[in-house]
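K.L.:
I have a structure here, written as structure tokens, and I will follow up with some questions on it.
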Amino acid sequence: MIQKKYAIQIDDLTVAYNYKPVLWDIDLLIPEGVLMAVVGPNGAGKSTLIKAILGIIKPIAGSVKIFGKPYKKQVNKVAYVPQKGSVDWDFPTTSLDVVMMGTYGSLGWIKRPGSKEKKQALEALEKVGMLEFKNRQISQLSGGQQQRIFLARALVQNASIYLMDEPFQGVDATTEKAIINILKELRKAGKTLVVVHHDLQTVPEYFDWVTFLNVKGIASGQVKEIFNDNNLTKTYGINYKVAINK
Amino acid sequence: MDLIDFFTNYTLRTITLGTAILGAICGMLGSFAVLRKQSLLGDAISHASLPGIALAFIITGVKDPNLILLGALISGLIGTFWIKGITKRTRLKSDTALGLILSLFFGLGILLLTFIQKMPNANQAGLDKYLFGQAATLVEQDVLIMASVTGVSLIVLLLFWKEFKLLLFDPDYTKTLGFNTRFLDILITFFIVLAIVLGLQTVGVILMSAMLLAPAAAARQWTNNLSTMIVLASIFGALSGIFGTAISATQNNLSTGPVIVLIAASFVLISFAFSPSRGLIFREMRFRRNRKELHLKKTLTFMYRIAQNHDNISHPHAIRILNNFQGFTKKSLLKLENQELISLSGKQWALTKKGYEEAASINKKLGKSDD
């Protein structure tokens, strides 16, 4: 275990909001360079897992290591794409401004973004096909466009690990294709991607690694090895028939 | 008192300056409260400061405004952190926590005030002026304190502008970037509490939250840019202070605090009605114009479909055959004729060449946006 390099190593992670544990004793090793789906039913703790990795939620027990160190020391190596419903899109600002926020972490306290940061933000906007909307008020963006803006903001961070909370939620087929192409490109560049995903049909097509989660960790590994009826049934509780034997 | 007095009267100048500065800092910090959806926090804080006012007097036995404001500050801060603690540690939602702390502290404050009134030196207290405010008691020193607090909060705002903006928009993301959101939260909250406490003497416990919210709510209507919004809110706040003081000074027996709040509220009303992009009036006008235009376009394309059945695009048709079509009225036909898109003669209509081309291009455009 020590020889191999893991992007994220989670040991005995337990999280509870009130009395009921949301995550129970999770052990998870995420190798570097995988494009991983986190699947599980509603309330399985998928978003919580992401938030616990990022230190947004404090766990009751357990530890999370990013490339062998705690998150706080690796802030600049991790980028986060929250659920788009987590913010108020009527906030008075523009697309470009939101994407620029991705540079704030590397700038650190007080220092303001300059022309270099603006250039990075414009490049990210172009990558997600949103350059023409750079001065658009964010309240006037469609759901798919908002999702692209969040993706661009994470791209600007130029991180090694990308944690994404349902990036395909409520986007149309075109946007979904565009986003998955960018994710695959990132993996090719050696990045590690952890994506909370709901559409089981597309798991084999989009991802090479998968984690089944339902409060406890059910299974984690290569899609072609462990994405089967057995694990799906264990995770979702019912006999889940998905055409995966291709 | 007339206008000339107003500009030459030293006391009045002091009061006006004070209320203007108060309005400006409230507008500035109120923008943060509004954008964080913590509008009611201000109300709870100001009510929570009342027991502090009373206790400061009971403990020290003197009516020193600075000591009293210090008491208000401490008690306001305690209330604020209780609210935050309740929301964080229990399953109660923030509105419940706000309501609870507001009434608890305010009740305690009123209780203490009545207790003070029964004390031997009761009549000298006059602490109830903090309930509704009494701008007339503002002196130069108060204004100086207000100005320096405004200056400091402006510097802090400019220094942490980037971090504040990030926190306002997406607090979780701010945390993941490695910023200490707790520190930022405490910083913003502290200055909001400070602004409220500064306003107690002028506007009073009960109306103070309006000073915080009204200028910000009005400013939001006019701009989609955060910095412009904060500047505008400060200006609206300052103007409310100036006009409010002027109006209450020229009329006898009008207390300043409520007048200032009413002026601020009228800024909100005007903004909600007349702002070009978000205002109700212009939105309704745009909506109607769009509907009318759509009506005409729909009628024109309907005629186009009929005209396409004939070799001659300007083949005349009876108006009667439009009867099945809901969108058409005599008025819309006349309008189309005015635009030279159709020609009317008797009970017949015909597309003109211009109308035919227009309809074709409408169809093409709509078809394009469909896919």
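K.L.:
Please list, or write none, the aspartates and glutamates whose alpha carbon is within less than 14 Å of the alpha carbon of residue B:353, excluding same-chain residues fewer than 8 places away.
P.N.:
In chain and number order, the partners are B:311, B:337, B:340.
K.L.:
May I pose another question? Over its Cα atoms, what ratio of radius of gyration to 2.2 N^0.38 Å does the stretch B:55-102 give?
P.N.:
1.45
K.L.:
Can you list the HN-Hα couplings for the stretch B:89-103, worked out from phi with the Karplus curve (6.51, -1.76, 1.60; θ = phi - 60°), rounded to whole Hz and with x for Gly and Pro?
P.N.:
Per residue, the Karplus-derived 3J(HN,Hα) values read 9, 10, 8, 5, 7, 5, 5, 5, 4, 4, x, 4, 5, 4, 6 Hz.
K.L.:
Here's a follow-up. When the expected Rg is taken as 2.2 N^0.38 Å, what fraction or multiple of it is the alpha-carbon Rg of the stretch B:1-115?
P.N.:
On the way: Rg = 17.5 Å, N = 115, 2.2 N^0.38 = 13.4 Å.
With N residues counted in the stretch B:1-115, Rg over 2.2 N^0.38 Å equals 1.31.
K.L.:
Within the set A:5/A:188; A:65/A:116; A:46/A:77; A:116/B:37; A:77/A:119, which residue pairs have Cα atoms separated by over 24 Å?
P.N.:
Values: A:5/A:188 17 Å; A:65/A:116 31 Å; A:46/A:77 21 Å; A:116/B:37 33 Å; A:77/A:119 20 Å.
Those over the limit are A:65/A:116; A:116/B:37.
K.L.:
Also, I was wondering about something else. May I ask for the percentage of alpha-carbon pairs in the stretch B:250-366 that lie more than 22 Å from each other? Show your work: numbers first, answer last.
P.N.:
Working: 3455 of 6786 pairs.
The share of Cα pairs beyond 22 Å in the stretch B:250-366 comes to 51 percent.
K.L.:
Same structure again: Could you give the nm distance between label points at residue B:180 and residue A:131, where each point is 7 Å from its Cα heading toward the beta carbon?
P.N.:
So the two model labels end up 4.1 nm from each other.
K.L.:
Consider just the alpha-carbon atoms of the stretch A:12-152 and return their Rg together with their Dmax, both in angstrom.
P.N.:
When restricted to Cα atoms, the stretch A:12-152 yields Rg and Dmax of 17.3, 49 Å.
K.L.:
Here is a further query. Identify, among A:186, A:168, A:130, the residue whose Cα sits farthest towards the positive end of the charge dipole of the stretch A:119-246, taking +1 on the Cβ of Lys and Arg and -1 on the Cβ of Asp and Glu, with the dipole about the Cα centre.
P.N.:
Working it through, the farthest residue towards the positive pole turns out to be A:186.
K.L.:
Related question: Report the Cα-based extents of the stretch B:72-149 along its three principal axes, largest first, to the nearest Å.
P.N.:
Dimensions of the stretch B:72-149 along the principal axes of its Cα atoms: 44, 37, 17 Å.
K.L.:
State, in angstrom, two size descriptors of the stretch A:149-246 derived from its alpha carbons: Rg to one decimal place and Dmax to the nearest whole number.
P.N.:
In order Rg, Dmax, the Cα atoms of the stretch A:149-246 give 14.2, 42 Å.
K.L.:
Assuming a viscosity of 0.692 mPa s and a temperature of 37 °C, what translational diffusion coefficient in µm² per second does Stokes-Einstein assign to the protein assembly as shown, Rh being the Kirkwood radius over Cα pairs?
P.N.:
Details: Rh = 28.8 Å.
In µm²/s, the coefficient is 114.
K.L.:
In the stretch B:35-72, which residues have a backbone nitrogen under 19 Å from the label point lying 7 Å from residue B:81's Cα in the Cα-to-Cβ direction?
P.N.:
Residues B:41-42, B:44-53, B:55-56, B:69-72 qualify, since their backbone N sits under 19 Å from the label point.
K.L.:
Hey, another quick one. Pull up all non-local amide H partners of residue A:22: gap of 5 or more, or a different chain, and H-to-H distance under 5 Å with H placed in the peptide plane.
P.N.:
A:15, A:16, A:17
K.L.:
Moving on to the next point. Binning every alpha carbon pair distance of chain B at 10 Å from zero, what are the percents per bin?
P.N.:
5, 19, 22, 16, 9, 9, 10, 6, 2, 0, 0
K.L.:
Non-local amide H neighbours of residue A:7 (under 5 Å, H modeled in plane, Pro and chain starts lacking H): which ones?
P.N.:
A:30, A:32
K.L.:
Using just the alpha carbons, could you tell me how many Å³ per residue the convex hull of chain A encloses? Intermediate results must be reported in sequence, preceding the final value.
P.N.:
Values: hull volume 34.4 nm³, N = 246.
Hull volume over Cα atoms, normalised by residue count, gives 140 Å³.
K.L.:
Of A:51/B:162; A:58/B:165; B:297/B:365; B:298/B:365; B:297/B:331, which pairs sit farther than 18 Å apart, going by alpha carbon to alpha carbon? Don't skip to the end; give the middle numbers.
P.N.:
On the way: A:51/B:162 23 Å; A:58/B:165 24 Å; B:297/B:365 12 Å; B:298/B:365 13 Å; B:297/B:331 14 Å.
In this structure, A:51/B:162; A:58/B:165 exceed 18 Å between Cα atoms.
K.L.:
Arrange the following residues from fewest to most other Cβ atoms within 10 Å of their Cβ: A:156, A:87.
P.N.:
Values: A:156 25, A:87 19.
The most exposed by this proxy come first: A:87, A:156.
K.L.:
Which residues' amide hydrogens lie under 5 Å from the amide hydrogen of residue B:348, considering only partners 5 or more residues apart or on another chain, with H built in the peptide plane?
P.N.:
HN-HN under 5 Å from residue B:348: B:319.
K.L.:
Residue A:172 to residue A:12: extension gain in nm, 0.36 nm per residue of separation minus the Cα-Cα distance? Kindly include the intermediate steps, with their values, before the conclusion.
P.N.:
On the way: separation 160, 0.36 × 160 = 57.60 nm, distance 3.75 nm.
Extending this stretch completely gives an extra 53.8 nm.
K.L.:
Starting from the Cα coordinates of the stretch B:152-249, work out the convex hull volume and express it per residue in Å³.
P.N.:
Details: hull volume 11.1 nm³, N = 98.
Here the figure is 113 Å³ per residue.
K.L.:
Which FRET efficiency value, to the nearest 0.05, is calculated for residue A:86 and residue B:288 with the Förster distance at 30 angstrom and r the Cβ-Cβ distance?
P.N.:
Efficiency, rounded to the nearest 0.05: 0.25.
K.L.:
Distance between Cα centroids, the stretch A:120-190 to the stretch A:33-109: provide it in whole Å.
P.N.:
Spelled out, the Cα-based centre of one part sits 15 Å from the other.
K.L.:
Follow-up question, since we're still on this one. Using +1 on the beta carbon of Lys and Arg, -1 on that of Asp and Glu, and nothing else charged, what's the dipole of chain B about the Cα centre, debye to 20?
P.N.:
It works out to roughly 1780 debye.
K.L.:
Cα-Cα pairs above 15 Å in the stretch A:100-173: how many percent? The partial results should precede the final answer.
P.N.:
Working: 1509 of 2701 pairs.
Above the 15 Å cut-off, the stretch A:100-173 has 56 percent of its Cα pairs.
K.L.:
Counting other beta carbons within 10 Å of each Cβ, put A:197, B:310 in order, fewest first. All intermediate terms of the calculation are to be shown ahead of the outcome.
P.N.:
Values: A:197 23, B:310 13.
So the residues, fewest neighbours to most, are B:310, A:197.
K.L.:
Karplus couplings for the stretch A:89-99 from phi (6.51 cos²θ - 1.76 cosθ + 1.60, θ = phi - 60°), rounded to Hz, Gly and Pro as x?
P.N.:
6, 8, 4, x, 7, 10, 4, 4, 4, 5, 5
K.L.:
Under the Kirkwood approximation for Rh and a Cα-based Rg, what ratio Rg/Rh is obtained for the stretch B:192-289? Write out the running numbers ahead of the final one.
P.N.:
Working: Rg = 14.9 Å, Rh = 14.2 Å.
Answer for the stretch B:192-289: 1.05.
K.L.:
What's the local net charge at residue A:12, with K and R +1, D and E -1, over the other residues with C-beta under 10 Å away? Don't jump to the answer; show the numbers that get you there.
P.N.:
On the way: positive: none; negative: A:11, A:25, A:27.
Its environment carries a net charge of -3.
K.L.:
With the calculation restricted to Cα positions, what are the radius of gyration and Dmax of the stretch B:177-228 in angstrom?
P.N.:
Values for the stretch B:177-228 (Cα only, Rg and Dmax): 14.0, 41 Å.
K.L.:
Could you give the dipole magnitude of the protein assembly as shown about its Cα centre, charging the beta-carbon of Lys and Arg +1 and that of Asp and Glu -1, in debye to the nearest 20?
P.N.:
Working: 68 positive and 43 negative charges, 279 e Å.
Around 1340 debye, computed over the protein assembly as shown.
K.L.:
Which translational diffusion coefficient, to the nearest whole µm²/s, is obtained for the stretch A:1-50 from the Stokes-Einstein equation, given a Kirkwood hydrodynamic radius over C-alpha pairs, 25 °C and 0.890 mPa s?
P.N.:
Approximately 200 µm²/s, per Stokes-Einstein.
K.L.:
Which Cα, out of B:239, A:113, B:67, lies furthest along the positive dipole direction of the protein assembly as shown (beta carbon charges, K/R +1, D/E -1)?
P.N.:
Going by the charge dipole, the pick is A:113.
K.L.:
Could you tell me how far the Cα centroid of the stretch B:31-57 sits from the Cα centroid of the stretch B:146-166, in Å?
P.N.:
19 Å
K.L.:
For helix B:280-307, what angle does its Cα long axis make with the longest principal axis of chain B, in degrees from 0 to 90 and rounded to 10?
P.N.:
Approximately 10 degrees, to the nearest ten.
K.L.:
Still on this structure, please answer the following. If the chain between residue B:110 and residue B:344 were fully stretched, how many nm would it gain, using 0.36 nm times the residue separation less the Cα-Cα distance?
P.N.:
Working: separation 234, 0.36 × 234 = 84.24 nm, distance 7.74 nm.
Between residue B:110 and residue B:344, full extension yields 76.5 nm more.
K.L.:
Let me ask another. Give me the aspartates and glutamates in straight-line cross-link reach of residue A:20: C-alpha distance below 20 Å, same-chain residues under 8 apart excluded.
P.N.:
A:11, A:12
Rule-based calculations on the coordinates, nothing more; no lab input. Just so it is clear, the structure is predicted and the values come from calculations on it, not from any experiment. No Cβ is skipped: glycine too gets one built from the backbone with ideal geometry, and neighbour counts run over all protein chains shown.
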